[in-house]
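Okay, structure first, notes after.
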Amino acid sequence: MPPKIRAPETRLVAEYLREKVYPSWYRQRVPLGEALPGTARADSLHHALRVSRPWRPEVDAVAVEHGRLVFIEAKVFKLVDGLAKLPLYASLLPTTPELHDKKDLQVVMRLVAPWTSPNVETMARSQGIEVVVFSPAWIADYVEQYQHYWTAEYREARAERQRLREELGVA
């Protein structure tokens, strides 16, 4: 059985935001950048943004904290991916209509993860990214389930289930 927690990074950022208690403003899963060319109707930028949503990059969360705009990316395993994305996401602020009223705020980039390492800290510092270690109790169970999912025994069991489905003609 695959890990029971299907969207661990979404849960991690939601719990982080709830625990941090951002009183002024925050949003999760914020699309960034402009609408795709050719999607705008003369009457509605909103329509163009909605139609473009699947093709626009999306940051896990954006919050206003102490008068600064904080881009938050949460990662459980691939911390370097989160570090790589944050500067690119922040660069899209000036062209993001949904954040137009916040474009003049100082930008802070923050990676939220259940652990860190000296290499991650070095890379983060070089890019001006804050790393916050946030590790709710369920993370340990998720990591254990995830690691079990890739063991030889579990891969063999998955292959056997797939073989039986094919034999029975079940999708």
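With 0.36 nm allotted per residue and the present C-alpha distance subtracted, the Leu88-Gln145 stretch has 17.3 nm of extension available.
Between the helical axis of 138-149 and the longest alpha-carbon principal axis of the chain there is an angle of about 50 degrees.
Relative contact order of the range 8-136, taken over Cα pairs closer than 8 Å and 6 or more residues apart, is 24 percent. Between Leu164 and Thr95, residue separation times 0.36 nm minus the direct Cα-Cα distance comes to 19.7 nm.
How would the chain be classified by its alpha-carbon gyration tensor: rounded, prolate or oblate, with rounded meaning a/c under 1.5 and the a/b versus b/c comparison settling the rest? Oblate is the answer for the chain, as a/c is 1.5 or above yet b/c matches or exceeds a/b. Do the sum for the chain: with -39,500 (n - 2.57) for every DSSP H run of n ≥ 4, divided by all residues, what is the mean residue ellipticity at 222 nm, to the nearest 500 deg cm²/dmol? When only DSSP H runs of four or more count, the value is -13500 deg cm²/dmol. A crude spin-label estimate for the pair Glu153 and Lys78, with each label 7 Å from Cα along the Cβ direction, gives 2.9 nm. DSSP bridge analysis restricted to the chain gives an antiparallel fraction near 50%, rounded to the nearest 5.
Listed by chain and number, the lysines whose C-alpha is less than 25 Å from the C-alpha of Lys20, apart from same-chain residues fewer than 8 away, are Lys75, Lys78, Lys85, Lys102, Lys103. Taking 7 Å steps out from each Cα toward its Cβ at Thr39 and Trp115 produces label points 3.8 nm apart.
Only the coordinates and a few stated rules stand behind these numbers; no lab work does. Note that the coordinates shown come from a computational prediction; the quantities given were computed from them, not determined experimentally. Virtual Cβ from ideal backbone geometry, glycine too; neighbours counted across all protein chains shown.
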